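None of the figures in this text is laboratory data; all of them are computed from the coordinates on show. Everything numeric here is computed off the predicted structure, so don't read it as measured data. For neighbour counting, all protein chains shown are included, and Cβ atoms are generated from backbone atoms with ideal geometry for every residue, glycine included.
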Amino acid sequence: MRWPCCGKPRPVAPAMRRRTAPLARAAMRLGGPDLAIAQMRRACELAPHDPVLQFQFASLLAHQGLHAAALPHFNEAARRSPDDPAVHHLLGLTLQRLGRNGEALLPLRRAHALSPGNDRILEALAESEFHGGHPDDALPCWEQILRLRPDDTGVIQRTAETLNRLGRSAEALDILQQATGRQPGATELWMAMAQTAEDPGDRDAARTAYGSALALRPDWAFPLSGLLALDRARADDVVVGQAERLLARADLPDADRALLGYELGKVLDGRGRYGEAMTSWHVANSARRRMTGAADPQAFMRQAGRLMEATAGAWPLPAGSWPGNDSPRPVFIVGMPRSGTTLTEQILAAHPLAHGCGELPDITLIARSLAHGGSRSAWPEPALDQPDASWETAAQRYLRAATRNAPAAAMRLVDKAPLNFFHLEMIARLFPAAHVVWCRRDPRDIAVSIYGENFSLEERLSTDLGDIGHYINLQTRLMRHWQAHLPLPILELHYETLATDPEPSARRLVEFVGLPQDPACLDFHRSERGVQTPSRWQVKQPIHARSIGRWKNYTFALAPLLQVLDADAYPTAGAATMVQPSTPSA
């Protein structure tokens, strides 16, 4: 509020401030959050520069789950109280709740610097370091907390998970084995041990740990689904029967129904009981849709259309304005999930001059950071105007993640996060000398495989066969757009050709990324490196063609998919082909 004839702030009577805030606290004690919020909002209007009131109001809003509304008030309190660790701590937690872990790092690092002995602040910082794509920075935080709280099962799990992300699964297993020795009844630790043992391929250790968890909590869907996934067609009939009985229960929570439905479907598929398998997957995906809501393919298409429109005229870049890093080391394997990306990575990773990075999250995290909004939907418009220094910083951040466990001799760093196909324009800016491999496969086989897979909750397009078809179409159109507009070389690699005649395709792949030929590339299944994807057990076998044409077992269910697939979604049979990039500006 201002005086009518000048720009000076109108003074607020301290008595009014003192009266309003206690009224809000009284209202809260009486169970009236709406009245409390109204009173605190009025107090902040009367004293907009009072950091204590801003902090109290923000805390009240956050307590009610109104994190987006709380954020500007926490920001104002932090600006006016730069040395208050509690303010920076809660600001960071609010950003975490909003899924903006990268932005949460600044206030949480500040809070930790102001109060280094506060383990709750340190724990929040460790969470954001991990989910913000900095597991190497998260690890010392978790190790420090673990020394303070050695029997905190949550901290033990987070420490092990961080070690796993860093490729140090043996250390993660050691921590979990010690912890289960001290706490043999901690079911969540047995689950963590089972999942950790799967990554390096220790099937027996994983089976034992899943069994221990299930013995402690009979009818627990989590370890039961793990045992089904571990052995699939060869799963113990007792375990299969237990899963079937659980799925028949009307009171089974949807989260458990989805877990069991996906994995039981794979068991039935492996046993040739295709009708029952599809029924099981229908049950799982229906449960998942009840949990997350249905997808909106049209909104997805609009987002992709905006992306193509925004990037169509961006290339070639003006002379002398190329951002990023000119390292030729990054190789990006993209495509639909279940299109052969893991197999392709394993072939390259077996080369003595290459390093398989797995599915790095960093490209998506960088896109969200550059887009300022913390969400994929905000990309790309806000990012295109970034100064060159931002691109170089982002490129260095990515290289730090990609080289984390790489040998010094590694000339190529292979990232197989398939959904990076959304971000190839950004990748071209970050690494103009990178190589891209586009994995393609019969869309019918892709769709069946996706429909039967337990993907993350945010992947809503994976729970309906028609939606999966739209997803495949969109991916094809987007890749054709990149081929037409970007200067990156893109190798189009067909799974069917690779699986049926592997040597020529593998040689072409190795040549494409600029490495000398090496026979180890076709013996990738002998490697002991861990694989943290649903394909972990398949890639422990030599290349085979058994999955080609698997869709034919499910023709009775594929009408929603076949009705929407574009002609270009079906890759043309033949050898791998490369689209030569246009010549970039100097």
Looking at the chain, what % of its DSSP beta bridges pair antiparallel, to the nearest 5?
20
Value of Rg/Rh across the stretch 37-150 [Cα atoms, Kirkwood radius]
1.02
Alpha carbon centroid spacing (whole Å) that separates the stretch 482-524 from the stretch 328-360:
10
Computed on alpha carbon atoms, what radius of gyration and Dmax characterise the chain, expressed in Å?
26.4, 85
Relative packing of 564-572, 265-273, which averages over residues the other C-beta atoms within 10 Å, highest first
265-273, 564-572
Using the basic label-point model (7 angstrom from Cα toward the beta carbon), what is the R149 to E511 distance in nanometres?
5.7
If you fit an axis through the alpha-carbon atoms of helix 465-485 and take the longest principal axis of the Cα set of the chain, what angle between them do you get, 0 to 90°, nearest 10?
90
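Would you list L106, L122, L561 from fewest to most Cβ contacts within 10 Å? Walk me through the numbers on the way to the answer.
Values: L106 15, L122 21, L561 25.
Starting with the residue having the fewest Cβ neighbours, the order is L106, L122, L561.
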Below 8 Å, C-alpha to C-alpha, sequence gap of six or more: please give me the relative contact order for the chain in percent.
11
Helix axis angle, 221-231 relative to the chain longest principal axis, alpha carbon, degrees
20
I'd like to compare 418-429, 543-554, 502-513, 243-254: which one has the highest average count of other Cβ atoms within 10 Å, and what's the full order after that?
418-429, 502-513, 543-554, 243-254
Net charge within 15 Å of V240 by Cβ-Cβ distance, Lys/Arg positive one each and Asp/Glu negative one each, not counting V240 itself?
-1
Give the angle, between 0 and 90 degrees and rounded to the nearest 10, that separates the Cα long axis of helix 85-97 from the longest principal axis of the Cα atoms of the chain.
40
Given Q298, V437, V448, which one lies farthest toward the positive end of the charge dipole of the chain, if we put +1 on the Cβ of every Lys and Arg and -1 on the Cβ of every Asp and Glu?
Q298
